[in-house]
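Just below is one structure, and these are the notes that go with it.
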Amino acid sequence: MLRVVLVNFLMFLLPFLIYAAIALATGKRKIGEGFWSDAPVKWLFVAGLGLMLIAVGALISFSGGGPGGSYEPPHMENGVIKPGRIN
């Protein structure tokens, strides 16, 4: 679950990080109080949400068990807890 949260957080922040890197690399902006005042924050926010939705869609599509699988809950086997899985 932590992986999903971190991936979504990174996908949301990615447009902001790219904007800041480009602004600093081109020398048009310096880090200070007014750094984000002229930034297209609304568009960066929308781009971040879009990347989050793409990441969620990819995680849903490419993780988990196959269709028609049966869930096997966590259980103890020889004194070791085996995690749950989809067969």
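Of the listed requirements (1) farther than 27 Å from residue 6 by Cα; (2) assigned to a helix (DSSP H, G or I), residue 76 misses just one: (2). Just so you know, in the range 54-67 the residues that are surrounded by 12 or more Cβ atoms within 10 Å (Cβ to Cβ) and of a type in the set (A, V, I, L, M) include one that is nearest to residue 10 (Cα to Cα), and it is 55. Which of the residues that make up the range 8-24 are farther than 15 Å from residue 47 by Cβ and either at pLDDT 90 or above or not in a helix (DSSP H, G or I) (or both)? Answer for the range 8-24, where residues must be farther than 15 Å from residue 47 by Cβ and either at pLDDT 90 or above or not in a helix (DSSP H, G or I) (or both): there is none. If residue 3 satisfies every condition in (1) of a type outside the set (A, V, I, L, M); (2) under 21 Å from residue 60 (Cβ atoms); (3) surrounded by 10 or more Cβ atoms within 10 Å (Cβ to Cβ) but one, which is the exception? Failed condition: (3).
To keep it simple, each residue is scored yes or no on (1) open to solvent by 50 Å² or more (accessible area, probe 1.4 Å); (2) within 15 Å of the chain's Cα centre (by Cα).
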position	(1), (2)
25	yes, no
29	yes, no
36	yes, no
41	yes, no
46	yes, yes
49	yes, yes
69	no, no
74	yes, no
82	yes, no
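The values are calculated or read from the model by the stated rules, or taken from the named source; none is laboratory data. Keep in mind it's a predicted model, so treat the numbers as computed, not measured. No Cβ is skipped: glycine too gets one built from the backbone with ideal geometry, and neighbour counts run over all protein chains shown. Accessible surface areas use protein heavy atoms only, side chains included; no ligands, DNA or RNA. Shrake-Rupley method; radii C 1.70, N 1.55, O 1.52, S 1.80 Å.
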